[in-house]
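Engineer: Can you read through this structure? Questions will come right after.
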Protein chains: 2
Amino acid sequence: MFKVTFSFEDGSVVEHFANAGDNLLELAREANVAIDAPCSGNASCGKCRVQLIKGELDSKKTLHISDEEYQAGWRLACVSKICADVTVLVPDIASAYKSRMKVADLSSKEEIAIFENSKNDVEMTGIELRNSLDVIELEMDEPSLDDTMPDNERLTRALKKYMNLKQVRIPYAVLRKLPDVLRENHFKVKCVVRTAPNDLFVYDIFGKDEDVVVGGLAVDIGTTTVSAVLINMETGEILAKASSGNGQIRFGADVINRIIEQQKPGGKKKLQDAVIKETINPLIAQMCKSAGISASHIYRMSVGANTTMNHLFAGINADPVRMEPYIPAFFKTNSLFASDVGVAINKDAHIIIAPNIGSYVGGDITAGTLVSMIWNRPEFSLFIDLGTNGELVFGNSDFMMSCACSAGPAFEGGDISCGMRATDGAIEACTIDKETMIPTYKVVGNPGTKPIGLCGSGIIDVISELFMCGIINPKGKFVREGERIRHDKYGMGSYVIAFESEAGSVKDVEITEVDIDNFIRAKGAIFSAIRTMLNSLDFDVSMIDDVYVAGGIGSGINMRNAVNIGMFPDIPLEKFHYIGNSSLTGSYLMLLSTAAEKKTYELAANMTYMELSTVPTYMDEFVGACFIPHTDTGMFPDVMKDLQNRK
Amino acid sequence: MFKVTFSFEDGSVVEHFANAGDNLLELAREANVAIDAPCSGNASCGKCRVQLIKGELDSKKTLHISDEEYQAGWRLACVSKICADVTVLVPDIASAYKSRMKVADLSSKEEIAIFENSKNDVEMTGIELRNSLDVIELEMDEPSLDDTMPDNERLTRALKKYMNLKQVRIPYAVLRKLPDVLRENHFKVKCVVRTAPNDLFVYDIFGKDEDVVVGGLAVDIGTTTVSAVLINMETGEILAKASSGNGQIRFGADVINRIIEQQKPGGKKKLQDAVIKETINPLIAQMCKSAGISASHIYRMSVGANTTMNHLFAGINADPVRMEPYIPAFFKTNSLFASDVGVAINKDAHIIIAPNIGSYVGGDITAGTLVSMIWNRPEFSLFIDLGTNGELVFGNSDFMMSCACSAGPAFEGGDISCGMRATDGAIEACTIDKETMIPTYKVVGNPGTKPIGLCGSGIIDVISELFMCGIINPKGKFVREGERIRHDKYGMGSYVIAFESEAGSVKDVEITEVDIDNFIRAKGAIFSAIRTMLNSLDFDVSMIDDVYVAGGIGSGINMRNAVNIGMFPDIPLEKFHYIGNSSLTGSYLMLLSTAAEKKTYELAANMTYMELSTVPTYMDEFVGACFIPHTDTGMFPDVMKDLQNRK
């Protein structure tokens, strides 16, 4: 046995024992050390870089490691085998996806505003912001030798007297605490109940004088990022907000790799644990602590997620989702409870799932469509969700059509050498001086936070600026020289945004031609999907009245720059609206409002799904879109004019 | 630390470590060594005898251990403290309550007959022997690119087409296996379902060609003994039958001691675990193995138990049951599922509970009343359940009155020095030669099984014979001398039924004056309860048309002897009928037949409860009944005549 020591930038270490020949990435998984491996460990993404500090590793050199880097001890964990005692440094960037759980600052006006606005929008259409949870105060007669009704019948009688009900259901969890709560409080109590016509379910019971917050939990389960809000079900108030990387990341960056991992023995539980036990439950604990409420007082949960994530969350075989004829186990289900899947909230809490409408358009999109309000306007609107999959919905109050394209994780920082999620240390905005080529950037986090990588909006800015400054050509290749521009021995160019000395990590923050190429393919997938869908409806981009952009790409997204690189069509900028994480906002609305939940099912039922891969022109559109901004520059007149002006 | 070695008669040993001063009985509990302690360890019952083999014990001598016995190493575990390494022998008798789980031989005609007769009785009254569980075969269209309905909707559609239904519920457990079962079986399946008007719940799904047994479980949870049958819900066939001591025994012999233990920290879980994890789940495993079915294919469970046992089983505070005004948490409940309490069957299985009607008349009696059929006859019948509590129901098709008395565990062998349950090694019947005073006895078990103790029916026989032979007087004191009759130095007499040499254990099987006194009080409680209840209704024992005797006392009960000792009234013997464990039989009927279940709720609702302790004459009746057969011998004319004849 050898001893493997994982050391971290903050000085902490994790020790683990290993046999000769053990794979370092696998070991890290075993030891619960987060090392991202979006490609699932087949040496293709280059994300799992660690630095050899002491001892030896039996490790191949790969394209992702330069000679100088290899000399300096850099290795890919996925191709490294144990052959001796060894100490490796796991740089912060290596776990930038997974780590850094964040309880958001709710004093932020922007954060609150997104939810408030959406609530108002929905309410204006006549949708009531009421749900089926209630708190009922009851004072019962105490039992006596002349009134010996058992506790559960006494409570039932009191509830039936309070409301006109046929049936009262008292589940085991309440029955179990009933004798004590009744007697400790002299039969004066508060009940948390769910009411339906003629039927009432008692979730919980408290003494009459206890302060009771009826909690609800809305979760957006993204392939890359999981975000959640803890709310007060009576007032709709957001008590806490948090996000972190999806713990499944280590099993692959995209849904296909995850499904493949799920097919392995024990895979269903492994993937489910990764998202529930490792990701959602810690978020819940963190939010409950910050809000000062008990997790057992969360009585309802809503989930917005793509179809695959829904299946992995539920621990249900997702293989049929990816294999023709692409059949999910469910679009929606009424039968999921917290205790079924081990979400650490009240065990009787119902979990509602924003409805999927197909294998590749899931609940994240139906929930987001609710938020986009495109279903309530005569104008033609385009809703774009920029996730690991890109999904589009186009339509108005008369019709809606949806499609999905595989953008990959680039918008959330994946497939990009210095990419990361939009958390502390991420460069989220950037301009470049045309003359000096020196960048000016904005970093997520407290003032003074040093950059460690680039999030989606930062990458868009950097590529747009590089292009508009003539530093890269339409193919994304470097065409100028300078201190910040380098070429490795294979000729691959890169641009340094922050040198190691000014960065918050152990290496330069840079963008390479491979990164740019990956991003171009991601933005090309989006643009060609927009074109293909509009064409099929005989629409032109000029007929789009509004574009609603959602996703974890960050509120800092610069629409001008997104148009510049040919990600979005070249239409007037005022038509673009960033609506934040609409999957989360939509889940929040479904949680808070029974009518909004119904409306979402209705929207899902009325939405047409278009399978892009069956449209013959899609591939041509994609190839054309894999340039900056496009092979057909005529589609981007304003961009070309601006470029001309800058010259 | 000292090493404590528990050694057993079969040669096996259990080792455990202990600190100086640790209590030996507590240690045994920790080490999972069954040593009965009906008095819960306060040195009053004398049951926890062990023999010091090697080493030392810091142990007081008590009244329960004679000088000779102390010399021979006998100690009470409850008063023994660890002071050195020690080896103790735990005799078989010490764990006779708890041990010896028994899967009954179903070839026994008597066993089968009880259930068959009861089924016929009930069916004759027009009660349908049908329940809500069904197996449905379905052939669905396989999905295609033109028919992309998700799996759960496809199944729902097929079920709705098969039956005219409003709602189909597919729980998580089924949803989770749905994709695989459907595809592995080309969408040809069998579903185990529960149907209600317009509503269908899918318990399970299998391939069309699989053999599916829809299992059901009926359990009688007695204070002393737990019995169960595993049945085929479609045919009613009994697939296996088993019983064992209630694991809660080590926390006290009667319900009051158990409730007190439940109030201690962690008590609810401890008592619940003792009956479910230690008792019921092993019985289930044993029965499933013997029947060759999987425990997860048991989809419904019914429980017959007294009110306290119901509460302890459910892990619900039973303290209010024993404290004025004696209020249970529930009489019945609709909300109990296997997963709530950890019974190891299908997690969605509903657990139905035979309804309690008060603190001291529970579901064992309502289930038993169903079986007794007294509710269906114009004649006046008396139903007697001889458990740790004795319960009576008197009435006919017009009225029924019930009451309970505390008999203690004597009928099941408790409070009797050589007492045991009616399992292998128990003397279940006995005659004594009037001249030689030599007994002839019958032992439960295979031919040649040696006696190790006395079960209830055996004790009745021995006391009756001792009395009829003039060996004891009406007060239960020995009045003859002989080889088998001994007196200790305090003058306490005893009679040896089997000397150590012929016995299957390490000591004589005997009955002492203390045992007889305990049994007299138990039988006195029953007789005085009968008298008090009949008196309150202005009835006389002569007006009883039939007596139905139930309970774990064993089918060997000799009614003549039970009358001889004054346990039952002196009425013609042909009026007495032993109906076995009617709590178990009744639970079986409730499980098998929805109509029988409803009927039981109806019987419970119409049964009047009489609280004996509030009747002023009850104590006088009891005192009078604490003789053999009674202080008022005029009530036992036939017994007195017989006694005269024998002289």
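The values are calculated or read from the model by the stated rules, or taken from the named source; none is laboratory data. These numbers were taken from a predicted model, which means no experiment stands behind them. All Cβ positions, glycine included, derive from the backbone under ideal geometry; neighbour counts span all protein chains shown. Keep in mind that these areas ignore ligands, DNA and RNA; they rest on the heavy atoms of the full protein, side chains included. Shrake-Rupley method; radii C 1.70, N 1.55, O 1.52, S 1.80 Å.
Engineer: Which one of these is of a type outside the set (S, T, N, Q), in contact with a helix residue (DSSP H, G or I) (Cβ under 7 Å, 6 or more places away or on another chain), more than 14 Å from chain A (Cβ to nearest Cβ) and touching a residue at least 60 places away in the same chain (Cβ under 8 Å): B:Val135, B:Val219, B:Val192?
Structural biologist: Criteria check complete, one pass: B:Val219.
Engineer: Let me ask something additional. Which one of B:Met140, B:Met149 is within 14 Å of chain A (Cβ to nearest Cβ), crowded, with 16+ Cβ neighbours inside 10 Å and without any contact (Cβ under 8 Å) to a residue 12 or more places away in the chain? Explain how you work it out, then say what you get.
Structural biologist: Details: B:Met140 fails: without any contact (Cβ under 8 Å) to a residue 12 or more places away in the chain.
Result of the check over B:Met140, B:Met149: B:Met149.
Engineer: Test B:Ile53 against the stated conditions and say whether it is modelled with pLDDT of 80 or more, closer than 22 Å to B:Ser417 by Cα, of a type in the set (Val, Ile, Thr) and open to solvent by less than 20 Å² (accessible area, probe 1.4 Å).
Structural biologist: So B:Ile53 fails the test.
Engineer: Name the single residue that is least open to solvent (accessible area, probe 1.4 Å) among those in the range A:483-533 being of a type in the set (S, T, N, Q) and farther than 27 Å from A:Leu386 by Cα.
Structural biologist: First, pick out the residues of the range A:483-533 that are of a type in the set (S, T, N, Q): A:494, A:501, A:505, A:512, A:518, A:528, A:532.
Next cut, farther than 27 Å from A:Leu386 by Cα only: A:501, A:505.
On the way: A:Ser501: 103, A:Ser505: 16 Å².
Applying the filter and picking the extreme gives A:Ser505.
Engineer: Another question, then. A:Lys641 passes all but one of (1) open to solvent by 50 Å² or more (accessible area, probe 1.4 Å); (2) farther than 30 Å from A:Cys469 by Cα; which number fails?
Structural biologist: So the condition that A:Lys641 fails would be (2).
Engineer: Any residue at all in the range B:461-474 that is under 26 Å from B:Val549 (Cα atoms), within 23 Å of the chain's Cα centre (by Cα) and touching a residue at least 60 places away in the same chain (Cβ under 8 Å)?
Structural biologist: Yes, that holds for at least one residue.
Engineer: Exactly one of (1) within 14 Å of another protein chain (Cβ to nearest Cβ); (2) free of Cβ contacts under 8 Å to residues at least 12 places away in the same chain; (3) not β-branched (Val, Ile, Thr) is unmet by A:Asn310. Its number?
Structural biologist: Going through (1) within 14 Å of another protein chain (Cβ to nearest Cβ); (2) free of Cβ contacts under 8 Å to residues at least 12 places away in the same chain; (3) not β-branched (Val, Ile, Thr) one by one, A:Asn310 breaks only (2).
Engineer: Considering every residue within the range A:266-281, establish whether at least one is touching an Asp or Glu at 6+ places or on another chain (Cβ under 6 Å) and either on the phi > 0 side of the Ramachandran plot or more than 9 Å from chain B (Cβ to nearest Cβ) (or both).
Structural biologist: Yes, there is a match, as at least one residue in the range A:266-281 is touching an Asp or Glu at 6+ places or on another chain (Cβ under 6 Å) and either on the phi > 0 side of the Ramachandran plot or more than 9 Å from chain B (Cβ to nearest Cβ) (or both).
Engineer: When you go through A:Gly252, A:Gly207 one by one, which is the residue that is away from chain B (no Cβ under 14 Å), small (Gly, Ala, Ser), farther than 17 Å from A:Ala349 by Cα and over 20 Å from the mean Cα position of the chain (by Cα)?
Structural biologist: Only one candidate passes the filter, namely A:Gly207.
Engineer: Tell me, yes or no, whether the range A:579-588 has at least one residue that is closer than 30 Å to A:Gly445 by Cβ, out of contact with any strand residue (DSSP E or B) (no Cβ under 7 Å at 6 or more places or on another chain) and surrounded by fewer than 18 Cβ atoms within 10 Å (Cβ to Cβ).
Structural biologist: No, that holds for no residue.
Engineer: Within the range B:160-178, can you find the residues that are at the interface with another protein chain (Cβ under 8 Å from one of its Cβ atoms), basic (Lys, Arg) and either open to solvent by less than 90 Å² (accessible area, probe 1.4 Å) or closer than 17 Å to B:Glu137 by Cα (or both)?
Structural biologist: B:Arg169
Engineer: Would you call B:Asp488 among the acidic types (Asp, Glu), within 20 Å of B:Gly419 (Cα to Cα) and at pLDDT 95 or above?
Structural biologist: no
Engineer: List the number of the failed condition for B:Ile284; all other conditions in (1) surrounded by fewer than 20 Cβ atoms within 10 Å (Cβ to Cβ); (2) within 20 Å of the chain's Cα centre (by Cα) hold.
Structural biologist: Of the numbered conditions (1) surrounded by fewer than 20 Cβ atoms within 10 Å (Cβ to Cβ); (2) within 20 Å of the chain's Cα centre (by Cα), the odd one out for B:Ile284 is (1).
Engineer: OK, next. Which residue out of A:Lys47, A:Lys102, A:Lys61 is modelled with pLDDT under 90, of a type in the set (D, E, K, R) and crowded, with 22+ Cβ neighbours inside 10 Å?
Structural biologist: One residue alone meets the criteria, A:Lys47.
Engineer: Looking at (1) more than 30 Å from A:Val514 (Cα to Cα); (2) of a type in the set (Val, Ile, Thr); (3) in contact with a Cys (Cβ under 8 Å, 6 or more places away or on another chain), which one does A:Thr440 not meet, given that it meets all the others?
Structural biologist: Here A:Thr440 clears every test but (1).
Engineer: Going through the range A:335-361 one residue at a time, which ones are more than 12 Å from chain B (Cβ to nearest Cβ) and not aliphatic (A, V, I, L, M)?
Structural biologist: A:Asn346
Engineer: Please work out if A:Leu370 is open to solvent by less than 10 Å² (accessible area, probe 1.4 Å), more than 14 Å from every other protein chain (Cβ to nearest Cβ) and in contact with a Lys or Arg (Cβ under 7 Å, 6 or more places away or on another chain).
Structural biologist: Working: open to solvent by less than 10 Å² (accessible area, probe 1.4 Å): yes; more than 14 Å from every other protein chain (Cβ to nearest Cβ): yes; in contact with a Lys or Arg (Cβ under 7 Å, 6 or more places away or on another chain): yes.
Yes.
Engineer: Could you list, ordered by first residue, the pairs with Cβ atoms under 6 Å in which the first is in the range B:153-181 and in the same structural domain as B:Pro197 (by TED's automatic domain parsing) and the second is among the aromatic types (Phe, Trp, Tyr), at least 6 apart or interchain?
Structural biologist: Hits for this filter: B:Arg169/B:Phe201.
Engineer: Collect the residues in the range A:323-343 that are without any contact (Cβ under 8 Å) to a residue 12 or more places away in the chain, of a type in the set (Gly, Ala, Ser) and in contact with a strand residue (DSSP E or B) (Cβ under 7 Å, 6 or more places away or on another chain), keeping them in residue-number order.
Structural biologist: Across the range A:323-343, the qualifying residue is only A:Ser335.
Engineer: Still on this structure: Looking only at the range A:174-215, count how many residues are part of a helix (DSSP H, G or I) and among the β-branched types (Val, Ile, Thr).
Structural biologist: 2
Engineer: Only residues that are in contact (Cβ under 8 Å) with a residue 60 or more places away in the chain and either touching a Ser or Thr at 6+ places or on another chain (Cβ under 8 Å) or assigned to a strand (DSSP E or B) (or both): list them for the range A:34-46, please.
Structural biologist: Those that are in contact (Cβ under 8 Å) with a residue 60 or more places away in the chain and either touching a Ser or Thr at 6+ places or on another chain (Cβ under 8 Å) or assigned to a strand (DSSP E or B) (or both): A:Ala34, A:Ile35, A:Asp36, A:Gly46.
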